[in-house]
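**Student:** Quick one: the structure is below, and I'll ask about it shortly.
The values are calculated or read from the model by the stated rules, or taken from the named source; none is laboratory data. Everything numeric here is computed off the predicted structure, so don't read it as measured data. Heads up, the Cβs are rebuilt from the backbone with ideal geometry, glycines too, and the neighbour counts pull from every protein chain shown. All accessible areas refer to the heavy atoms of the entire protein, side chains included, with ligands and DNA or RNA removed. Shrake-Rupley method; radii C 1.70, N 1.55, O 1.52, S 1.80 Å.
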Amino acid sequence: MPSPSPDPVSSVPVLLPLPVERAYTYGVPQGMELRPGDYVKVPLGPRLVAGIVWDGPVEDVPPEKLRQIEERFDCPPMSADTRKFVNWIARYTLSPPGMVVRMFLRVPAAFDPEAPMEGYRFVSADGLRMTSAREKVLEFVNDGMAWSRSGLAHAAGVSSAVVSGMIKAGALKRVDIPPQPAVADPDPDLRTPEFSEAQSDAAKVLTDAVSAGKYSATLLKGVTGSGKTEVYFEAIAEALRQEKQVLILLPEIALTATFLERFEKRFGAPPAEWHSGMAPKRREKIWRQVATGQVRVVAGARSALFLPFANPGLIIVDEEHESAYKQEDRVYYHARDMAVVRANIGDFPIVLASATPSIESQVNAAFGRYALVELKQRFGEAAMPDIRVIDMRKDIPARGHFLSPPLLKEMETAIDGGGQALLFLNRRGYAPLTLCRACGHRFECRNCSAWLVEHRFRGQFQCHHCGHAEPKSDACPSCGTLDHLVPCGPGVERLAEEVSETFPDARILVLSSDMMGGVTRLRLELEAIAKGEADIIIGTQLVAKGHHFPLIKCVGIVDADLGLANGDPRAAERSFQLLSQVTGRAGREGGSSVGLLQSYQPAHPVIEALAKQQDEAFYETEITSRERAGLPPFGRLASLILSGPERGETEKFARDVRFAAPGTEDVIVLGPAEAPMALVRGRYRYRILVRAARAFDMQSYLRQWLASAPRERGQLRLQIDVDPQTFL
Ligand code: ADP
Ligand code: ZN
């Protein structure tokens, strides 16, 4: 509606980081000039909050009610493309635009310019009483540069009181030192590698895409160790030559120290890192310098997509198949998919890299929506590991043990040859389940439908869903019988016990995300592995992710069947990807290496495809079955997750919501059904699944549904997950 306000420029819409659908209207104080995208501070109730001047009409607010903008930050405005991106995500995920913009507004301290540092410059020594300490200071400060007080004192090897005295005496004068760059400028031409022919061809496709300077999406598919990283570095170099900014998305940024080092080796400076573990001051600096365009390359977790790039020219999504890219909290989005949207809006290229692409990307490539670039061989002399399946029905581990004789033998061979063995088991703790042999009691979480996992090292039972922990006791909490508790199944701690019994002289390292010491410790441990400071490494999912461990000769998948069993439509794909990645850790620097899969169902198509290294066959079968079932990417899915603290009330809410679904033949609505994780953190959960053809406008349908569905009230929540990745 056009605004009938008397002076049309006297008010503007401001989008605030709140769960609201629209921008609020604010008055513009006299003399303040505003454009869409400006960062402003406005009153909201009793508080002041930061928001963005948005596009679109203002509402007709009576003058006495119109609150005034408090301040315009001295900050480069959010670009029109970025604003478009915010609106796009909001529309697609059915999230309030305010909650999307909130992801861009996480670092409010960076909206003000960086304060200059206090510095001092030499003026003259006329009339200065000389001491030997002062002479030392003069030696340094004579260079005509600005020095910080402490820096100068430190360099001259004197106390800062000496410097202060010289300032007082007028020999040095106060100047501003401009803020330092967060990272040095990368040099695109510093060290170009010598490529294999396949790599050169691949690099050319990518650099051409960057030179073209318009939107394109390329899937860079290459077996583990084929040198994908080196190849996409060339695309980055080309973007840098064109003075563009580059975003590299990585699934586990906190752990990718080696990636940063490689980047630095190639470009002479590391990229700016962006993830949740960074110190606030560092975040502010990087946010600000991304906004001004000073930071050229960011390597970050999915949240880096919400940095205010001034001049983006390329996005790389490494390990594009990783489920860590999906956020399932507040705004449910898939960072890979949103990155493609961002590139499209900004009209610049994007590269998705993986050894085991998602089915979605593979299909997009097959239909020509993405260009496909393949590296089919490992770089240099390195061959792929020899993959074998161990039939656990025949090669039975010793009683109470989990490692079969053939696996133990290969581990021994690897270690004896000076190499390392890696055991993979995606289970933290000692045992996933504990039973009482006297009464059959199972240790379960009181807040979640999940077993409590024994963590023997910490002496605790823990819930991996809500964090609930209780001290370990020797008595059954149900019948009180002493010493009748049995751990069922292995976790990495239990495996470590078995390994140290079998290989008493081996140096064993357990890597798991709940390890004490956090990310810093993990980084150190990963370095230690690369340097050969361990013989046997036992790890969870964490070890799968792109690490380069040159010495690993034997990889053992302790339970290859683990991920196959759940009812998730992506179970086969996930298992295939994860297990390929893990076995791909073996033999990355040449020599023969093995990957062994322990399985009770060696004939399962996923296990067979892995054993025969028939990636193409796996993708073909999986794509056909998805197509037949109308599952993504051939059909569309959306989940509605209903939750509440009380079971009956939640179920009724779920049924009422279901009842409001507009009837049409184009969609199938399933449920509500109790979620597989029926209770999480004390909240009961129900799920409704919506399925439709690919051409169907799911968003309009859901919007229409929500308009007539009962509202969230009290503690009852309705969460929408478009393109769900998990079904728990
Ligand atoms: P991927 O990402 O495909 O798993 P990487 O990029 O990590 O593969 O490369 C595997 C190994 O081969 C790394 O140690 C990398 O430094 C090395 N490498 C790849 N390409 C080259 C090259 N052209 N020259 C020298 N070393 C290379
Ligand atoms: Zn729990």
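**Student:** Residue by residue through the stretch 426-449, note down the ones that are surrounded by fewer than 19 Cβ atoms within 10 Å (Cβ to Cβ), part of a loop (DSSP other than H, G, I, E, B) and more than 14 Å from ligand 2 (Cβ to nearest atom). Walk me through it before giving the result.
**Tutor:** Step one: of the stretch 426-449, the residues surrounded by fewer than 19 Cβ atoms within 10 Å (Cβ to Cβ) are 433, 435, 437-442, 444, 446-447, 449.
From what's left, part of a loop (DSSP other than H, G, I, E, B): 437-441, 446-447, 449.
Residues satisfying the conditions are Arg437, Ala438, Cys439, Gly440, His441.
**Student:** If I filter the stretch 462-515 down to residues being open to solvent by less than 60 Å² (accessible area, probe 1.4 Å), of a type in the set (A, V, I, L, M) and in a strand (DSSP E or B), which single residue comes out as nearest to ligand 1 (Cβ to nearest atom)?
**Tutor:** Among those residues, the one meeting the criterion is Leu511.
To keep it simple, each residue is scored yes or no on (1) surrounded by fewer than 19 Cβ atoms within 10 Å (Cβ to Cβ); (2) not charged (D, E, K, R).
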position: Ile177; (1), (2): yes, yes
position: Gln180; (1), (2): yes, yes
position: Arg191; (1), (2): yes, no
position: Ala203; (1), (2): no, yes
position: Leu206; (1), (2): no, yes
position: Val210; (1), (2): no, yes
position: Thr218; (1), (2): no, yes
position: Thr229; (1), (2): no, yes
position: Ala239; (1), (2): no, yes
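**Student:** Could you identify the single residue in Leu482, Leu452, Leu423 that is of a type in the set (A, V, I, L, M), within 30 Å of Gly587 (Cα to Cα) and either free of Cβ contacts under 8 Å to residues at least 40 places away in the same chain or out of contact with any Cys (no Cβ under 8 Å at 6 or more places or on another chain) (or both)? Don't jump to the end; show me each part of the working.
**Tutor:** Details: Leu482 fails: within 30 Å of Gly587 (Cα to Cα); Leu452 fails: within 30 Å of Gly587 (Cα to Cα).
Step by step, each of Leu482, Leu452, Leu423 is checked, and only Leu423 is of a type in the set (A, V, I, L, M), within 30 Å of Gly587 (Cα to Cα) and either free of Cβ contacts under 8 Å to residues at least 40 places away in the same chain or out of contact with any Cys (no Cβ under 8 Å at 6 or more places or on another chain) (or both).
**Student:** Let me ask something else. Within the group Gly346, Gly380, Gly300, Gly313, which residue is more than 16 Å from ligand 2 (Cβ to nearest atom) and at positive phi?
**Tutor:** Being more than 16 Å from ligand 2 (Cβ to nearest atom) and at positive phi holds for just one of Gly346, Gly380, Gly300, Gly313, which is Gly380.
**Student:** Moving on. Looking for whichever is free of Cβ contacts under 8 Å to residues at least 24 places away in the same chain and either outside any loop (DSSP other than H, G, I, E, B) or crowded, with 16+ Cβ neighbours inside 10 Å (or both) here; the options are Ala673, Ala695. Which one fits?
**Tutor:** Just one listed residue meets the conditions, Ala673.
**Student:** May I pose another question? Being open to solvent by less than 20 Å² (accessible area, probe 1.4 Å) and on the phi > 0 side of the Ramachandran plot narrows it down to one of Gly37, Gly56, Gly51, so name that one.
**Tutor:** Working: Gly56 fails: open to solvent by less than 20 Å² (accessible area, probe 1.4 Å); Gly51 fails: on the phi > 0 side of the Ramachandran plot.
Just a single option satisfies the conditions, and that option is Gly37.
**Student:** Which of the residues spanning the stretch 69-96 are assigned to a helix (DSSP H, G or I), closer than 27 Å to Leu718 by Cβ and open to solvent by 20 Å² or more (accessible area, probe 1.4 Å)?
**Tutor:** If the condition is that a residue be assigned to a helix (DSSP H, G or I), closer than 27 Å to Leu718 by Cβ and open to solvent by 20 Å² or more (accessible area, probe 1.4 Å), then Asn87, Trp88, Arg91, Tyr92 are the ones that fit.
**Student:** Report whether or not Ala203 is in contact (Cβ under 8 Å) with a residue 24 or more places away in the chain and touching a helix residue (DSSP H, G or I) at 6+ places or on another chain (Cβ under 6 Å).
**Tutor:** On the way: in contact (Cβ under 8 Å) with a residue 24 or more places away in the chain: yes; touching a helix residue (DSSP H, G or I) at 6+ places or on another chain (Cβ under 6 Å): yes.
Yes: the conditions hold for Ala203.
**Student:** So, one more: With respect to the numbered conditions (1) open to solvent by less than 30 Å² (accessible area, probe 1.4 Å); (2) within 16 Å of ligand 2 (Cβ to nearest atom); (3) closer than 24 Å to Ala560 by Cβ, which one is the sole condition not fulfilled by Gln598?
**Tutor:** Exception for Gln598: condition (2).
Conditions tested, residue by residue: (1) near ligand 2 (Cβ under 10 Å from one of its atoms); (2) aromatic (Phe, Trp, Tyr); (3) at pLDDT 90 or above.
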site: Trp451; (1), (2), (3): yes, yes, yes
site: Glu454; (1), (2), (3): no, no, yes
site: Gly459; (1), (2), (3): no, no, yes
site: His465; (1), (2), (3): yes, no, no
site: Ala475; (1), (2), (3): no, no, yes
site: Cys479; (1), (2), (3): no, no, yes
site: Leu482; (1), (2), (3): no, no, yes
site: Gly489; (1), (2), (3): no, no, yes
site: Glu493; (1), (2), (3): no, no, yes
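**Student:** Related question: Would you mention how many residues in the stretch 109-168 are assigned to a strand (DSSP E or B) and within 30 Å of Tyr39 (Cβ to Cβ)?
**Tutor:** Looking only at that region, the number is 3.
**Student:** Here's a follow-up. So for the stretch 117-124 (the condition being touching a residue at least 24 places away in the same chain (Cβ under 8 Å), β-branched (Val, Ile, Thr) and surrounded by fewer than 19 Cβ atoms within 10 Å (Cβ to Cβ)), does at least one residue qualify?
**Tutor:** So far as the stretch 117-124 goes, yes, one or more of its residues are touching a residue at least 24 places away in the same chain (Cβ under 8 Å), β-branched (Val, Ile, Thr) and surrounded by fewer than 19 Cβ atoms within 10 Å (Cβ to Cβ).
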